[in-house]
1. If r is the Cβ-Cβ distance from ALA74 to ASP7 and R0 is 22 Å, what FRET efficiency results, to the nearest 0.05?
2. Amide H to amide H under 5 Å from GLY61: which residues, 5+ apart in sequence or cross-chain, H placed 1.01 Å off N in plane?
3. Under 5 Å between amide hydrogens, which residues at least 5 positions from ARG71 or on another chain qualify, with H placed 1.01 Å from N in the peptide plane?
4. Ranked from highest to lowest mean number of other Cβ atoms within 10 Å per residue, what is the order of the peptides 15-23, 78-86?
Amino acid sequence: MADSRPDSWAITVVRTGGFAGLRREWRTGTADAPDVDWAALIGACPWKTAAKPADSRVRDGFVWRLEASGRVRAYRATLPDGQLTGAWRSLVDEVRRTSRD
């Protein structure tokens with residue numbers, strides 16, 4: 001569902017990997033959770049440094065792909081499970097909590 005507010009966001013989180021190599025996806029945004037300060041959660045993440053994460057693959061570990069699209073900006077990052085901390089973890093937890101999937 002599109003949201004026409006200037007501060008509207010659509011966020012997708014995809015987790016792949018693990019022992020069975022399963023894929024799980026969550027989607028949410030301002031249309032689904034208008035009371036969440038998505039701009040603050042997204043702005044707190046270090047998107048530029050995550051664009052080229054170090055190769056820290058762990059056998060049977062998860063890989064997280066995050067996408068946040070706004071009316072003016074879009075961000076994309078791929079993180080190994082060990083880097084999903086701090087602001088990244090807060091964003092993922094909120095997306096999972098408010099997901100419409």
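No value in this document is a laboratory result; all are computed from the given coordinates. Since the model is a prediction, treat every value here as computed from it, not as a measurement. Here the Cβ positions follow ideal geometry from the backbone for every residue, glycine too, while neighbour counts run over all protein chains shown.
1. 0.95
2. Excluding prolines and chain starts, which carry no amide H, the hits are GLY18.
3. Distant-sequence amide H within range of ARG71: SER8.
4. So the peptides 15-23, 78-86, ranked by packing, come out 78-86, 15-23.
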